[in-house]
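Engineer: Sending over a structure as structure tokens; questions will come in a sec.
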Amino acid sequence: MKNLRNLSLVLGLVLTLGACTNSQKSANKEVNILYPNWAEGIAFTHLAQAALESNGYETELTNLEPGLIYGELSKENSKGDVFLDAWLPNTHQAYWEDYGDKLEKLGESFSDGTTGLVVPSYVTINSIEELNAHKAQFDGEIIGIGSGAGIHANTLKAIEEYGLDFEQITSSGPAMVASLEKAISDNKWIVVTGWKPHFKWSGNDLKYLADPKGVYPKDVCAIISRRGFAEDMPEVAHFFKNFNLNEEQLYTLMAAIRSDGEEAGAKKWYESNKELVDGWFK
């Protein structure tokens, strides 16, 4: 009787450990990607989703403002794993100063990020210093995006540094693009906060205004993760360390997403570039 009882306890322990192991394996197969409502961030994220799911992983995508993304990933028990659109070392400098010691850099999704004030090429000025002289033609407005974006803070700095008699209009990435394209269709002057990479450059004839005071820096779109992610999921971390697109590749990916939707467009682009993307796992 005693032996049977001991056997029962051993079997119960084995089953419990087996269940825990299976649960851990299941958990370690799910990747939670946090992303902002920015065109390139949406593209990076959905491409990663398509590749990971094709290679046997489950994914969960969570759309948040950038400050919340950094804050969540810095938590000891973060619900997120990775963020593919961290503009470092400059545009998101303040976020990195607050949270960077609790995060890890894995790689670069895009290595030549630029930001600044953007106008249609038919606008006859070429520098931020010329804006005040043409305030009426721009209605005294700079069309911006969300207040949590680093470019929003840099534009407030530009207004101060250049003494601009302009107001930055806080909106969103899609709203900024809609305003830009409507102005172009009406052949009107407009100035927006812009960055590369972004699909608006492939669909419109645009230019940056020169920034002689250097308010708008160059960055990379870095891939960052919660601490311990690389140890928990080394194969996926290796994938993200190799994940990198050039401008032409990214714009064709963005075009597919605009044409077919976020998930379907990214999956279609992945299938057409499977050798490239799956090579990042190796």
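Engineer: Pro36 is checked against (1) more than 12 Å from the chain's Cα centre (by Cα); (2) crowded, with 17+ Cβ neighbours inside 10 Å; (3) closer than 24 Å to Asp101 by Cα and fails just one. What number does that condition carry?
Structural biologist: With (1) more than 12 Å from the chain's Cα centre (by Cα); (2) crowded, with 17+ Cβ neighbours inside 10 Å; (3) closer than 24 Å to Asp101 by Cα applied to Pro36, the lone miss is (1).
Engineer: Shifting gears a bit: Residues of segment 177-202 being at pLDDT 95 or above, among the polar types (S, T, N, Q) and either under 23 Å from Asp112 (Cβ atoms) or surrounded by 20 or more Cβ atoms within 10 Å (Cβ to Cβ) (or both), which ones?
Structural biologist: The one that is at pLDDT 95 or above, among the polar types (S, T, N, Q) and either under 23 Å from Asp112 (Cβ atoms) or surrounded by 20 or more Cβ atoms within 10 Å (Cβ to Cβ) (or both): Thr193.
Engineer: Pick from segment 203-214 the residues that are in a loop (DSSP other than H, G, I, E, B) and in contact with a strand residue (DSSP E or B) (Cβ under 8 Å, 6 or more places away or on another chain): which of them is modelled with the lowest pLDDT?
Structural biologist: Asn204
Engineer: Within the bounds of segment 219-232, is there any residue that is part of a loop (DSSP other than H, G, I, E, B) and in the same structural domain as Glu104 (by TED's automatic domain parsing)?
Structural biologist: First pass over segment 219-232, keeping only residues part of a loop (DSSP other than H, G, I, E, B): 227-228.
Going one step further and asking which of them are in the same structural domain as Glu104 (by TED's automatic domain parsing), we end up with 227-228.
Yes, because at least one residue in segment 219-232 is part of a loop (DSSP other than H, G, I, E, B) and in the same structural domain as Glu104 (by TED's automatic domain parsing).
Engineer: Could you please let me know if Glu72 is under 20 Å from Leu164 (Cβ atoms) and among the acidic types (Asp, Glu)?
Structural biologist: Answer is no for this residue.
Engineer: Can I ask one more? Please pick out the residue among Pro120, Pro174 that is more than 30 Å from His238 (Cβ to Cβ) and surrounded by 19 or more Cβ atoms within 10 Å (Cβ to Cβ). Spell out the reasoning first.
Structural biologist: Values: Pro174 fails: surrounded by 19 or more Cβ atoms within 10 Å (Cβ to Cβ).
Only one candidate passes the filter, namely Pro120.
Engineer: Next up: Looking at segment 88-125, which of its residues are assigned by TED's automatic domain parsing to the domain that holds Lys200, of a type in the set (Val, Ile, Thr) and not in a strand (DSSP E or B)?
Structural biologist: Matches in segment 88-125: Val123, Thr124, Ile125.
Engineer: Next question. Tell me which residues, restricted to segment 156-176, are closer than 23 Å to Tyr122 by Cα and touching a residue at least 60 places away in the same chain (Cβ under 8 Å).
Structural biologist: Answer for segment 156-176, where residues must be closer than 23 Å to Tyr122 by Cα and touching a residue at least 60 places away in the same chain (Cβ under 8 Å): Gly173, Pro174.
Engineer: Within the group Glu235, Glu248, which residue is outside any loop (DSSP other than H, G, I, E, B), acidic (Asp, Glu), modelled with pLDDT of 95 or more and more than 14 Å from the chain's Cα centre (by Cα)? Spell out the reasoning first.
Structural biologist: On the way: Glu248 fails: modelled with pLDDT of 95 or more.
Matching residue, one of Glu235, Glu248: Glu235.
The values are calculated or read from the model by the stated rules, or taken from the named source; none is laboratory data. Everything numeric in this text was worked out from a predicted model, so none of it was measured. Quick reminder, even Gly has a Cβ in these numbers, built from the backbone with ideal geometry, and neighbours come from all protein chains shown.
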